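As structure tokens, the structure follows; a few thoughts come after it.
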Amino acid sequence: MWIRAGVRGDLGSGDGLGAALAGTDAVVHCATAAGPRDVAMTRRLTDAARDAGVAHLVYVSIVGVDRAPGFPYYRAKAECERIVAESGLPWTVLRATQFHELITRVVAAQRWLPVVFTLGGGVRLQPVSAREVGERLARLAVGEPGGRVADMAGPEIRTARELTRAAARATGRVAGLRPVVPLRLPGRTFRAVREGALLAPDRAVGRVAFGDFLAAR
Ligand SMILES: NC(=O)c1ccc[n+]([C@@H]2O[C@H](COP(=O)([O-])OP(=O)(O)OC[C@H]3O[C@@H](n4cnc5c(N)ncnc54)[C@H](OP(=O)(O)O)[C@@H]3O)[C@@H](O)[C@H]2O)c1
């Protein structure tokens, strides 16, 4: 595998993609953007990778994309999975659960509000270390194309409410003591999420728990 620092390709416009992919054996596709742009970027990448003779395309997706199709982002991810699988390239798709960073990012985005909103209704998540997912993706990239491989989830399942409260408290600021307000949303997709659509209990292979992640920051 060749790794060339500083070579940039824009999946939005296609600029620089040919140069970025030339002579590349394996590509790990982690780029993402909202909804339809995600699909267009993935199609642009698969076309360019085919032209460049890439031997292995690895794509990171999300556990439950097909079980919670009411989320536009998840619908787009499922479509991206299909594009990768039908690209004609040798491929591997790894679905992972929510990264620890997603939870802290969502809390940080609410730092100016008087409360911190989270998913209610007892929604549970099984967050995983993005670093561990990255390591697995790297191992997959240098291995044989595996199609859809076994999902990757974190070591523990906790409610979104507990995780949000822990992330807020870990900021160490007064703002961390704001009330956490669970939002219960209507609809089939939210019900599926409440029933565990985003979990992979039998694939709890991540070793870093959310508390460890917070403590190490
Ligand atoms: N976050 C989660 O909880 C989670 C869980 C499971 C799977 N995933 C999947 O993992 C992947 C990464 O997620 P993330 O949350 O780490 O995403 P992120 O932080 O939003 O990063 C997205 C990346 O996409 C790149 N990108 C955006 N537009 C681009 C373009 N036009 N051309 C080239 N690169 C472009 C960005 O590059 P720049 O920084 O240069 O803009 C950035 O590095 C996504 O496929 C996501 O669906 C995420």
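Odds and ends about this structure:
- Helix 100-109 axis, angle to the chain major axis (alpha carbon atoms, nearest 10°): 60 degrees
- Peptides 59-66, 117-124 ordered by average Cβ neighbours within 10 Å, highest first: 59-66, 117-124
- Beta bridges per DSSP with both ends in the chain, % antiparallel, nearest 5: 10 percent
- Net charge over other residues, Cβ less than 13 angstrom from the Cβ of Leu185 (K, R count +1; D, E count -1): +4
- Contact order for the chain, expressed relative to its length and based on alpha carbon pairs under 8 Å spaced 6+ residues apart, stands at 22 percent.
- Over all other residues within a Cβ to Cβ distance under 13 Å of Trp112, the charged ones net out to +3, with Lys and Arg as +1 and Asp and Glu as -1.
- Rg/Rh (Cα only; Kirkwood hydrodynamic radius) as it applies to region 80-141: 1.12
- Ranked order, Phe210, Phe71 - accessible area, probe 1.4 Å, largest first: Phe71, Phe210
- For the chain, a Gaussian network of Cα nodes joined below 10 Å ranks Gln98, Gln110, Gln126 by mean-square fluctuation, and the top entry is Gln110.
- Between helix 72-85 and the chain there is an angle of about 30 degrees, using the helix long axis and the longest principal axis of the Cα atoms.
- Once you reduce region 3-56 and region 125-196 to the center of their Cα atoms, the two points are 27 Å from each other.
- Sequence of Cys80, Cys30 from largest to smallest accessible area, 1.4 Å probe: Cys30, Cys80
- Taking only the alpha carbons of the chain, we obtain Rg and Dmax values of 18.5, 54 Å in that order.
The values are calculated or read from the model by the stated rules, or taken from the named source; none is laboratory data. Please read these numbers as outputs of a predicted model, since none were measured by experiment. So basically every Cβ, Gly included, is an ideal-geometry build from the backbone, and we count neighbours across all protein chains shown. Ligands, DNA and RNA are excluded from the accessible area calculation, which covers all protein heavy atoms including side chains. Shrake-Rupley method; radii C 1.70, N 1.55, O 1.52, S 1.80 Å.
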